[in-house]
1. Mind telling me which of the residues 382, 357 ends up being acidic (Asp, Glu), within 19 Å of residue 423 (Cα to Cα) and in contact with a Leu (Cβ under 9 Å, 6 or more places away or on another chain)?
2. Pick from 393, 407: which is of a type in the set (Val, Ile, Thr), touching a Pro at 6+ places or on another chain (Cβ under 8 Å) and within 17 Å of residue 51 (Cβ to Cβ)?
3. Tell me, which helices (runs of 4 or more DSSP H) lie completely within segment 20-104 with 2 or more residues that are under 27 Å from residue 134 (Cα atoms)?
4. For segment 105-139, how many residues are assigned to a helix (DSSP H, G or I), under 21 Å from residue 154 (Cβ atoms) and of a type in the set (Asp, Glu)?
5. Out of segment 238-267, which residues are touching a Lys or Arg at 6+ places or on another chain (Cβ under 9 Å) and more than 23 Å from residue 142 (Cα to Cα)?
6. Looking at 120, 164, which one is touching a Gly at 6+ places or on another chain (Cβ under 9 Å), modelled with pLDDT under 95 and within 17 Å of residue 335 (Cβ to Cβ)?
7. What number goes with the only condition from (1) without any contact (Cβ under 8 Å) to a residue 12 or more places away in the chain; (2) touching a Lys or Arg at 6+ places or on another chain (Cβ under 8 Å) that residue 323 does not pass?
8. Do you know which residues across segment 332-379 are part of a loop (DSSP other than H, G, I, E, B), in contact (Cβ under 8 Å) with a residue 40 or more places away in the chain and under 18 Å from the mean Cα position of the chain (by Cα)?
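The values are calculated or read from the model by the stated rules, or taken from the named source; none is laboratory data. Note that this is a predicted model, so its numbers are computed, not measured. Virtual Cβ from ideal backbone geometry, glycine too; neighbours counted across all protein chains shown.
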Amino acid sequence: MQGLDEYIKHAADPHSAANRIESLLNFTEFKRCASQLPGEQLNALINLISHSGLFYRHICRHPDSIEKLNHPLNLTESSLKYDFNSLEDLKIFKYQQLLNITWLDFLGTYEYEKILNDISSLADLVINQVIRLGLPDAHTQIVKKHMAAFGMGKLGASELNFSSDIDLIFVCSNTADVKLEIYHYQKILQDSIRLISSHLEKKTSEGFFYRVDLKLRPWGRSGPLVMTINETENYYEASSQIWERFAWLRARHIMGPKILADDLQNRLKSFIYRRSLGEDDLQRFVEIKTEMCAARRKKGYWDVKVGEGGIRDIEFFIQMLQMVNAYKFPELQQPATIKVLNGLKQNELISEHEAAELLHSYLFLRKLENRLQMIEEHQTHELPDEYPKRIMIARSMGITGDSDNEIIDVFESELFTNQMIAKNFFERILPN
């Protein structure tokens, strides 16, 4: 293949690229498909393979996956053209689509917001297909008609990490609306949620779907896995937990009857978006920031999520402004962090320059977080101490230079600049 040695030389990890490509070229299907890629696309593929052991092993198992890289992504139920016969087929599809998304990322084809959105849309699709494939038929009909799921956190914001827990909250129709004996109805739904979670988390030779976190539900781990609309509304009407309001800022309907989800979200609007904040609210905000400061000091600058100048700094700044102003400005009543940021700018709550700074810093840190996680699909946020690994991360971010030392210097300078932006905005909100 023309230019192969040059692409390997400039890969994120040239040594790894050389060994892995040599191994993959033993697969006739890989060699045929890769030889048909234009130079820029082949370069992106080699760069990706050198960086990610996860995708290298996936391609070893499925050498024809390269042939599907140019196919359009089908990440919604309405556009899905695949007919899955098993959960294992679905799992292969999931990793194929992740490979597509990551390849487009390395190719520079998409804005990074689109990359995050596609990772989230893929999760939505997988969850719905797991329900279709993994539940008994009798349960499936009841679940589809009477239970809805909300994605919370980054899934709810359509900004899911590459290797993230998916935070879910389930709600169901009121028992008076269901022509089933109450105990039987609740047992079906509870058993279905356990089965869905088990399927999503089960590891096989093809990997796993997602780690599932259900602790954001009412009463946390000690609470029922699903409650009715009325019960859920009553719980939050009585709740004084600020963190639960923060959680519902990024809630998005991802499964089940939309009418059910819309009903609950309309009922919870007054809980999430308060007309005014009391002294108790402000005191709790200060306590939350104090707790965050302690965690930040412990992590330092090496944790790109919760360390000083990390992703959480930006999210806290944006969500605080959202919580204070969303009642007055309905444009802020949405789960996506980036769209809320645009709403803050449009309503002149921050300047265009501030919005641009925050967006650049947020996307840089999110991209870096995903680069760390896609190496082996580990849920990590910490930058490696080892010099070779740091160089690989820097190269994978598109940073170039005449020497490894120059690449590291440019990377750490850019990282520091974006961390300082995040840190400065965090420190503007409430006293330390």
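1. 382
2. Numbers: 407 fails: touching a Pro at 6+ places or on another chain (Cβ under 8 Å).
Just one listed residue meets the conditions, 393.
3. The qualifying helices (runs of 4 or more DSSP H) are 53-61.
4. Final tally of qualifying residues: 4.
5. 239, 240, 241, 242, 243, 245, 250 - these are the residues of segment 238-267 that are touching a Lys or Arg at 6+ places or on another chain (Cβ under 9 Å) and more than 23 Å from residue 142 (Cα to Cα).
6. 164
7. Every listed condition holds for residue 323 apart from (1).
8. 335, 336, 374, 375, 376, 377, 378, 379 - these are the residues of segment 332-379 that are part of a loop (DSSP other than H, G, I, E, B), in contact (Cβ under 8 Å) with a residue 40 or more places away in the chain and under 18 Å from the mean Cα position of the chain (by Cα).
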